[in-house]
1. Criterion first (part of a helix (DSSP H, G or I), aromatic (Phe, Trp, Tyr) and open to solvent by 10 Å² or more (accessible area, probe 1.4 Å)) does residue 141 satisfy it?
2. Can we say residue 348 is without any contact (Cβ under 8 Å) to a residue 60 or more places away in the chain, over 21 Å from residue 391 (Cα atoms) and either surrounded by 22 or more Cβ atoms within 10 Å (Cβ to Cβ) or not hydrophobic (A, V, I, L, M, F, W, C) (or both)?
3. Got a number for residues in segment 157-172 being open to solvent by 10 Å² or more (accessible area, probe 1.4 Å) and in a helix (DSSP H, G or I)?
4. Kindly indicate whether any position in segment 91-105 is open to solvent by 10 Å² or more (accessible area, probe 1.4 Å), closer than 30 Å to residue 52 by Cα and out of contact with any Ser or Thr (no Cβ under 7 Å at 6 or more places or on another chain).
5. Residue check: is residue 55 modelled with pLDDT under 90 and out of contact with any Ser or Thr (no Cβ under 6 Å at 6 or more places or on another chain)?
6. If you scan segment 383-399, which residues turn out to be without any contact (Cβ under 8 Å) to a residue 60 or more places away in the chain and at positive phi?
7. So residue 384 ticks every box in (1) crowded, with 20+ Cβ neighbours inside 10 Å; (2) in contact with a Gly (Cβ under 7 Å, 6 or more places away or on another chain) but one. Which box is left unticked?
Amino acid sequence: MSSAAPSLTEGRLGRQILVFSLPLVLSNLLQVLFNMSDIAVVGRFAGSAALGSVGSTTIFVTLFTGFLIGLGGGINVLVARYYGARHPRDVAGTVHSAALISLLAGCLLLGIGLVFSPALLRLLGTKPDLIDGAVLYLRIYFLGMPAMALYNFGNAVFSAVGDTRRPLYYLSAAGVLNIALNLFFVIVFHLDVAGVALASILSQYLSAGLILRALLRATDCYALRPAQLRLDPARTRAILALGIPAGCQNAIFALANLFIQASVNSFDTIVVRGNAAAANSDALVYDVMAAFYTACSSFMSQNFGAGKPDRVKKSYFISLAYSFGVGLMLGLSLVIFGEAFLSLFTTEPPVIEAGMQRLLIMGLSYPVSAFMDCTIAASRGLGRTVAPTVIVILGSCVFRIVWIYTIFAHFHTIESLYLLFVCSWVVTAIAEGVYFVRCYKEQMAIFEKNPIPASH
């Protein structure tokens with residue numbers, strides 16, 4: 001196997017995880033900036049109605065893109081496991097099956113988004129004055145789902161083998177195009193909602209094209225060869241066994257958040273718009289922290305495959321420390337500079353004031369989510385994905401719905417609604433931690449009998 005990609009199985013873990021994660025942090029920030037630029041441009045140049053329309057789609061965009069990200073996580077774990085174990089045939093089989101699975105998933109989500117966008121937005125209780133713009137934005141945006149699926153596939157493969165820089169370069173190019181097209185379509189052609197959606201999908205196809213070209217030109221075992229594209233039954237089952245639960249977890253999380261959005265919609269339009277502006281901080285913080293979760297899975301998978309259990313455990317604790325620290329730093333920054341942040345999306349003081357209600361609570365809560373999400377990533381790095389998904393569904397999704405119909409129903413204040421986030425994270429983190437300890441002990445016992453895991 002080629003030594004072009006940096007090894008994740010040797011060297012100082014603290015430095016390696018940081019170096020590995022920084023390009024992912026920048027990549028994730030760029031993806032957030034794609035969506036933020038959409039909202040910022042319409043908010044500043046097309047008015048608060050357009051802002052509300054685009055903001056009303058956030059949960060549905062998260063719902064479907066979250067599924068693709070989860071699917072990519074399954075691909076990442078498998079490729080990293082086989083790459084660390086030096087099983088080139090398993091790597092190649094996984095890559096080619098994963099490419100087809102990702103493309104099919106993107107096309108499926110495209111169809112769902114085009115057909116069901118109006119019904120989903122009405123189910124959410126989207127304001128009548130916002131729904132037409134929201135439907136238009138979603139239908140155009142979902143035309144980019146196949147490209148998003150293929151980019152996430154390529155990003156998962158490169159991350160699994162330790163190369164997080166090339167995806168950053170490709171996303172940077174797409175980001176520049178996205179922002180330029182946003183301004184061009186909205187300011188010059190006055191396309192408003194349609195313009196920012198069109199800019200998004202064109203940039204997504206650029207990033208997908210660039211990352212596929214890199215895989216086609218690669219010479220290592222993870223290279224993409226069109227003649228080898230096929231759905232290998234064993235590899236397909238393995239990818240789906242890891243990716244589908246992870247993708248469904250993200251999707252179900254978003255579904256639970258639909259209840260939260262519906263609860264937000266029970267307040268006046270000012271609160272709805274303030275929440276839409278402030279909710280941009282969620283993607284900003286979560287996606288930066290998520291870089292360390294990807295590092296956690298990649299390092300644990302490669303080192304488990306390479307037969308290095310000490311590095312497996314250390315990878316988890318170092319990734320957890322980094323993600324907690326980043327969440328704390330960004331959260332406090334949003335509390336201190338929240339009004340400046342919100343002014344990127346709206347110039348209306350009442351909307352900014354409403355947005356600060358969310359930022360004050362969420363900014364102090366973000367670090368807690370690291371204990372939940374990093375532990376989930378660690379369990380998946382060891383090949384366990386069903387149980388962590390079930391725990392998340394019960395601890396976060398079901399818990400949040402129960403909270404809405406009990407605590408929130410009793411107080412019916414926006415503060416009581418926002419507090420459900422941190423409470424659900426605490427409950428879920430405790431359960432995930434207990435499961436991970438058990439899972440780790442079981443896997444290490446298996447490892448002692450069979451140091452190099454068999455392909456599966």
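The values are calculated or read from the model by the stated rules, or taken from the named source; none is laboratory data. Just so it is clear, the model here is predicted, and its values are computed rather than measured. For neighbour counting, all protein chains shown are included, and Cβ atoms are generated from backbone atoms with ideal geometry for every residue, glycine included. Ligands, DNA and RNA are stripped out before the accessible areas are found, and what is left, the full protein with its side chains, is counted by its heavy atoms. Shrake-Rupley method; radii C 1.70, N 1.55, O 1.52, S 1.80 Å.
1. Spelling it out, it is not the case that residue 141 is part of a helix (DSSP H, G or I), aromatic (Phe, Trp, Tyr) and open to solvent by 10 Å² or more (accessible area, probe 1.4 Å).
2. Answer is no for this residue.
3. The number of residues fulfilling the criteria is 6.
4. yes
5. It is true that residue 55 is modelled with pLDDT under 90 and out of contact with any Ser or Thr (no Cβ under 6 Å at 6 or more places or on another chain).
6. Answer for segment 383-399, where residues must be without any contact (Cβ under 8 Å) to a residue 60 or more places away in the chain and at positive phi: there is none.
7. (2)
To keep it simple, each residue is scored yes or no on (1) out of contact with any helix residue (DSSP H, G or I) (no Cβ under 9 Å at 6 or more places or on another chain); (2) without any contact (Cβ under 8 Å) to a residue 40 or more places away in the chain; (3) outside any loop (DSSP other than H, G, I, E, B); (4) not hydrophobic (A, V, I, L, M, F, W, C).
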| residue | (1), (2), (3), (4) |
| --- | --- |
| 93 | no, no, yes, yes |
| 101 | no, no, yes, no |
| 104 | no, yes, yes, no |
| 109 | no, no, yes, no |
| 117 | no, no, yes, yes |
| 121 | no, no, yes, no |
| 137 | no, no, yes, yes |
| 151 | no, no, yes, yes |
